[in-house]
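Visitor: This structure is in C-alpha cells; I'll ask about it shortly.
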Amino acid sequence: MQFSYDWLQKWVSPNKSADELAHLLTMSGLEVEEVEPAAPAFTGVVIAEVKQVEKHPDADRLNITQVDAGTGELIQIVCGAPNVAPGLKVPCALPGAVLPGEFTIKIAKVRGIESSGMLCSAKELGIDEDASGLLVLPADAPVGQSIREYLDLDDNQFELKLTPNRADCLSLLGIAREVGA
C-alpha cells in the first residue's frame with residue numbers, strides 16, 4: 001500500500017514528521033517498508049509560458065523560444081522538444097538552477113544562439129520516465145511560481161507492507177483511522 005504524507009494530512013493531523021510517523025506505524029503493527037521523497041531534489045525551476053517559437057537556422061530539430069518566466073522580460077531559450085508551441089505552460093530551469101544529478105543550468109550558446117535556461121520534461125525533473133517532450137502544465141498554472149510548490153513535490157511517499165489480517169488499512173481512510181487512534 002502506498003500513500004502520500006500530505007494526502008494523509010488531509011484526513012488526520014498526526015503532528016509528527018514523516019520519519020516519526022513511519023516509526024510509530026511500524027511499532028503499531030503496520031510495517032513501513034519505505035519512506036521516500038515524492039521527487040528528487042532540484043532548485044530554480046519555475047512555471048513559464050512559451051510566447052514565441054521559431055526554427056533554429058542551423059539545426060533541424062531545434063527551436064528558438066521566447067518564454068515568460070515571471071521575471072518581467074522574455075527569456076530566449078533554445079529547445080529541442082517536439083511538442084514546444086506558443087501558449088504552453090511548462091517547467092523552466094533558469095540559469096543557476098540545479099537539476100537532479102547535480103546538473104547546473106548556465107547561459108550557453110547552442111549552435112551559435114544564446115540560450116538562457118532550459119525547458120524541462122518530466123524525466124529531466126526526475127518525476128516521471130516520460131522524455132517524449134516537455135511536461136505540459138494546465139493553462140491556469142501561475143507563471144513564475146516554483147514548480148516544486150505548484151506540483152507539491154516536497155512531499156513524502158510511504159510504502160506499507162500489509163499482512164492479510166490488516167485489510168482495514170488497504171485504503172487511506174483505514175490508515176487515517178489507525179493514525180488517529
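The values are calculated or read from the model by the stated rules, or taken from the named source; none is laboratory data. All of these numbers come straight from a predicted model, not from anything done at the bench. Cβ atoms come from the backbone with ideal geometry, glycine included; neighbour counts cover every protein chain shown. Ligands, DNA and RNA are excluded from the accessible area calculation, which covers all protein heavy atoms including side chains. Shrake-Rupley method; radii C 1.70, N 1.55, O 1.52, S 1.80 Å.
Visitor: Within segment 147-179, which residues have the backbone N less than 15 Å from the label spot 7 Å out from Trp11 along Cα→beta-carbon, could you tell me?
Guide: Zone members listed by number: 157-162, 166-179.
Visitor: About its Cα centre, what dipole magnitude does the chain give when the only charges are +1 on Lys and Arg Cβ and -1 on Asp and Glu Cβ, stated in debye to the nearest 20?
Guide: Roughly 380 debye for the chain.
Visitor: Round to a whole number: what % of the accessible area of segment 57-96 belongs to carbon and sulfur, probe 1.4 Å? Write out the running numbers ahead of the final one.
Guide: Values: 890 of 1870 Å².
In segment 57-96, the share of accessible area belonging to carbon and sulfur is 47 percent.
Visitor: Could I ask something else about it? Would you mind telling me which residue in Asp19, Asp154, Asp68 has the biggest mean-square fluctuation in a Gaussian network model of the chain, where springs connect alpha carbons within a distance under 10 angstrom?
Guide: Top of the fluctuation ranking is Asp19.
Visitor: Based on alpha-carbon centroids, what's the gap between segment 129-171 and segment 15-72 in Å, whole number please?
Guide: Value for the Cα centre distance between the two parts: 9 Å.
Visitor: Compute the whole-percent fraction of alpha carbon pairs in the chain spaced more than 21 Å apart. Mind showing how you got there, number by number?
Guide: Working: 9163 of 16290 pairs.
Of all Cα-Cα pairs in the chain, 56 percent lie more than 21 Å apart.
Visitor: In nm, what is the difference between 0.36 nm times the number of residues separating Met27 and Ala41 and their Cα-Cα distance?
Guide: Numbers: separation 14, 0.36 × 14 = 5.04 nm, distance 2.94 nm.
Using 0.36 nm per residue and subtracting the Cα-Cα distance, I get 2.1 nm.
Visitor: Name the trypsin sites (Lys or Arg not before Pro) in segment 1-52 that are in a loop by DSSP and that have at most 12 other C-beta atoms within 10 Å, would you? Intermediate values should be presented prior to the final figure.
Guide: Numbers: sites: Lys10, Lys16, Lys51; in loops: Lys10, Lys16.
Qualifying residues, ordered by number: Lys10.
Visitor: What order, most packed first, do the peptides 164-170, 90-96, 24-30 have when packing is the mean number of other Cβ atoms within 10 Å of each residue? Can you show the working numbers first?
Guide: Details: 164-170: 12.0, 90-96: 22.7, 24-30: 14.9.
Ranking the peptides 164-170, 90-96, 24-30 by packing returns 90-96, 24-30, 164-170.
Visitor: Stretch Ala59-Ser4 to full length: gain in nm at 0.36 nm per residue minus the Cα-Cα span? Before the final figure, lay out the partial values.
Guide: Details: separation 55, 0.36 × 55 = 19.80 nm, distance 4.31 nm.
Gain on stretching Ala59 to Ser4: 15.5 nm.
Visitor: Taking the Cα atoms only, what angle lies between the long axis of helix 18-27 and the longest principal axis of the chain, rounded to 10 degrees?
Guide: It is inclined by approximately 30 degrees.
Visitor: Distance in nm between label sites at Phe103 and Gln145, each 7 Å beyond Cα in the beta-carbon direction?
Guide: Using points 7 Å along Cα→Cβ, the separation is 2.6 nm.
Visitor: Something else about it: Could you work out the helix-only [θ] at 222 nm for the chain, with each DSSP H run of four or more residues adding -39,500 (n - 2.57) and the total divided by the number of residues, to the nearest 500 deg cm²/dmol? Numbers along the way, then the final one.
Guide: Values: 5 runs with 32 residues, N = 181.
Per the formula, -4000 deg cm²/dmol.
Visitor: For the chain, modelled as a GNM with alpha-carbon contacts under 10 angstrom, which of Leu88, Leu21, Leu134 fluctuates the most?
Guide: Comparing Leu88, Leu21, Leu134 in the GNM, the peak value goes to Leu21.
Visitor: For segment 70-181, what is the relative contact order in percent, using Cα pairs closer than 8 Å and at least 6 residues apart in sequence? Please list the in-between numbers first.
Guide: Details: 127 pairs, mean separation 26.9, N = 112.
Contact order relative to length: 24 percent.
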